[in-house]
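Each remark here refers to the structure printed beneath this line.
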Amino acid sequence: MSTIVRQTKTEDIKAAGEVLKQGGIVAFPTDTVYGLGAVFDDEKAVRKIFAAKGREEKKPLSILVADIVQVELLSEIKSGEMAQKAERLMKKYWPGALTLIFQKKPGIPDAVTAGGETIGIRMPDMELTRELIRAAGKPLAAPSANTSGKRSSVSAREVLEDLDGKIDMVIDGGTCPVGVASTVVDMTGDTPVILREGVITAEMIAQA
């Protein structure tokens, strides 16, 4: 298989969206690093991500959404203080480099969550990425577009050097502006817990 390279015009995004709808996997730029996406509820397509990356299936995948409404398709955000804190974080740092972990809704494929009961969700701060998610019609399961254990790709050239022939398509959107993975905050307990600190620091989370 030869990986198709497309640009960022509307017709390119539509073409990538069709590939995703048909069960393919597509690499694309985000505000942090390049992601490798599949429609989140297409278990066969999700497993293609693991195969392309050489990633163990016991590791869960994060989900990218185009808007906050899509969060309701994926997670159980209960009322109360933690729901209010989650809402504050989303309003403050979404779209942006912040992944929030919630209880997953029933029906989310085990391949996405590695059989777990939680799911990580992020809204990327790049209109191109959100446009692609809308073109696919659903949120995307999307880890970084690189072989597991290697540095995250920040350009289409780096994606192709690593994954050419293993994925269906890559959208060449230039170099990612941040180049650092997102901050990850677990919202499933009594208090938020930072699992990985990125450009959004612990202090910024506490202030929000």
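The values are calculated or read from the model by the stated rules, or taken from the named source; none is laboratory data. Nothing here was measured: the structure is a model prediction, and the numbers come from that model. Don't worry about glycine lacking a Cβ; one is built from the backbone with ideal geometry, like all the others, and counts go over all protein chains shown.
For this structure, a couple of remarks:
- Residue pairs meeting the criteria (Cβ under 8 Å; at least 6 apart or on separate chains; first charged (D, E, K, R), in segment 181-208; second not in a strand (DSSP E or B)): ASP186/PRO192; ASP190/MET82; ARG196/ALA181; ARG196/SER182
- Residues within segment 108-134 that are in a helix (DSSP H, G or I), more than 11 Å from ILE63 (Cα to Cα) and aliphatic (A, V, I, L, M), tallied: 3
- Residues of segment 96-107 satisfying the condition of being buried (at least 21 other Cβ atoms within 10 Å of the Cβ) and in contact with a helix residue (DSSP H, G or I) (Cβ under 7 Å, 6 or more places away or on another chain): LEU98, LEU100, LYS104
- Output for segment 46-93, where each listed residue is farther than 14 Å from LYS138 by Cα, in a helix (DSSP H, G or I) and among the charged types (D, E, K, R): ARG47, LYS48, LYS53, GLU81, LYS85, GLU87, ARG88, LYS91, LYS92
- Within the span defined as segment 183-191, every residue fails to be exposed (fewer than 15 other Cβ atoms within 10 Å of the Cβ), part of a loop (DSSP other than H, G, I, E, B) and at pLDDT 95 or above.
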